[in-house]
Each structure stands twice: as C-alpha cells, then as structure tokens.
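Before any comments, here is the structure.
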DNA sequence: TCCTTTTTTGGTGATATTGCCAAATATCTA
DNA sequence: TAGATATTTGGCAATATCACCAAAAAAGGA
C-alpha cells in the first residue's frame, strides 16, 4: 500500500491499545437504550432493581442482567438493603461523558417537534 | 411491585426517550475497539481508508464498513480526493466524551497493575 | 419453619454483529 | 482503452447480544 503516512508516524498516532479496548468495552456497555436509561436515572440518585424495572418496562430478569453488565464494566456499584438491592453510579463522569455527545444528536433530533433542550452546559 | 418511588416521580426522572435512543446508538457505534481507534486517530487529523487500514491491521473491506457505520452515526464525514477517500471527525466533542470516561478506566488499570504487583514482586 | 417478596441465574430462540473473501465500482495514468 | 490502485458492496459463517420464561437464591416476617 502506498499511503500518506509513514510507519513511525502511525505508531506515534496510535493510542494505547489496552486503553482503547477498555474504553470501547465501556462504550459498548453504555450503548444500549435500557442501560443508558438506567445510567441516566442513577445520575440523579440510587435506585433498587424494582424501581428501574418499572422505569424501563422490561422483565425483572432482563433489567437485572443489564445491571450485572453495568457492574462488570465498573459503571455502577451494588448495595444490598434487606431484600432490595440498590445500585448507584461509581463515577459521575459517565453522565458528563454522555452529555458531551449531545451536540452530535442535536441535528438528528430536529425532526421531532417535542424535544428537550440538548445543548446546555 | 412495591417500590420506593412513585409513578410521577419516575416520570420526572425519566429522560427523553428519543434522546436516550439516539445517544445509545452513538455509544454503541463508538463501542468497538477498531472504530474507537479510528476515532482517536481522526481526532488528530484526517486519514484515508488505507492509512486507517494499516493502523488497525484488518481487511480493507472491514475498515471500510466500520467507517460506513461511523458515517451513518454522524461521527465522521467523508471526502473524496482522487482515488483516495479521506475521513474526518464531524465534531471534536466525541474525543472529549471519550476522555471523560478515563477516570473509570484508570481504576481498572490500577487494579491490573496491583494484580501484577502482587503476582510478581 | 413456611410464606412472601426481591433479585439473580440458567436456558432458549430470535436477531444482530463481525470479519473475511470475492467481486464490483471509481479514478487516475500510460 | 487497458491497467493499476483505492474503496465499497454482497455474501457467508462464526459469534455475540437480547428478551423472555422458569427456577433458584436471598432475606424478612408470621
């Protein structure tokens, strides 16, 4: 191949591969509407599984599995209280990260007439 | 179910569903190591397909399809120059968003280094 | 202990994603 | 026009993800 960058230049541009894989895993976990809805809710306060189940409107087992994935990714933490299990965000940075993407979806959402503001700091 | 939040409280907490779905789609697209590697590279400058193919070390067709997905998601733009096709970020906010997640990764990396530390002192 | 409620786990079928090959398309140059 | 290079597209097999159901755990109260 006869491309526009040299090999050493590419190596300099190449970001840390482990880091990229970890970040990609994190993004993949966030990239599901139910899980993202959970994360946005937990950004306000912690909720137990049945709260989140009611919010999402899916089977309890489905929500529980989503929460397991979020926990495995290190996005949420788990805390037992009697028969209830409460989940909360481990780091508010997740909310900030998602908020940063809002400029990109602003255009797409123009189609809908009823919409919350997407670009406020 | 007898949960800890009322229905109206839940509705207030519930974020805009269209918005969540769009964001989730965006995050899913970013949640693949090859695509994230492409995005990180494009954060520095634009590259043509063969550059990115060399970076990633996959088949050209594979990289081309990843770029199509990124373009469909509105993350990158396409520009033809002769036989080459150059891609660039549509919005630097993607880089910022990913950067926001690094605190979460750091914990994992520290966890790894701790384990390494323990396993070979 | 038995019963109830909450949550997790195992299993399954449907669907989606991924990466490669081969072929097609596009563009430049001789 | 023919050939070379760069990119995209179609197809396919392997794998992963998803949502539900049923059943198992976990914990509290009668």
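Values quoted throughout were computed directly from the atomic coordinates according to the rules given, and no laboratory measurement underlies them. On a predicted model such as this, the values are computed, not experimentally measured, just so you know. Positions of Cβ are backbone-derived with ideal geometry, glycine not excepted, and every protein chain shown enters the neighbour counts.
Label the stretch A:35-113 by shape, choosing from rounded, prolate and oblate, from the square roots a ≥ b ≥ c of the eigenvalues of the Cα gyration tensor; if a/c is under 1.5 it is rounded, and otherwise prolate applies when a/b is larger than b/c, oblate when it is not. Judged from the Cα gyration tensor, the stretch A:35-113 comes out prolate (a/c at least 1.5, a/b above b/c). Ascending distances from the residue B:78 label point to its copies in the other chains, with the point 7 Å along the Cα-to-beta-carbon line: 4.4 nm. Taking the label point 7 Å along Cα→Cβ, residue A:57 and its counterparts in the other copies are spaced 4.6 nm apart, in ascending order.
Let a ≥ b ≥ c be the square roots of the eigenvalues of the Cα gyration tensor of the stretch B:35-78; is it rounded (a/c under 1.5), or, if not, prolate (a/b larger than b/c) or oblate? Write out the running numbers ahead of the final one.
Details: a/c = 1.74, a/b = 1.15, b/c = 1.51.
Here the stretch B:35-78 falls in the oblate category.
Placing a pseudo-label 7 Å from each Cα along the Cα-to-Cβ vector at residue B:21 and residue B:88 gives an inter-label distance of 3.3 nm. Take each residue of peptide B:29-38, count the partner chain Cβ atoms within 10 Å of its Cβ, and average: the result is 6.
In this assembly of identical copies, the label point of residue A:16 (Cα plus 7 Å along Cα-to-Cβ) is separated from its counterparts by 3.6 nm, sorted shortest first.
Among the residues of B:89-102, the average count of other protein chain beta-carbon atoms within 10 Å of the residue beta-carbon is 6. The spacing between the stretch B:50-81 and the stretch A:11-77, judged by their C-alpha centroids, is 27 Å.
In this rough spin-label picture, where each label sits 7 Å from Cα along the Cβ direction, the residue B:59-residue B:95 distance is 3.2 nm. Spin-label pair residue B:69-residue A:72: with each label point 7 Å from Cα along the Cα-Cβ axis, the two points sit 1.9 nm from one another.
Could you work out, residue by residue across B:62-72, how many beta carbons of other chains sit within 10 Å of that residue's beta carbon, and then give the average as an integer? Spell out each step's value before the answer.
Details: counts 0, 0, 0, 0, 0, 0, 0, 0, 0, 0, 0.
Mean number of neighbouring Cβ atoms from other chains: 0.
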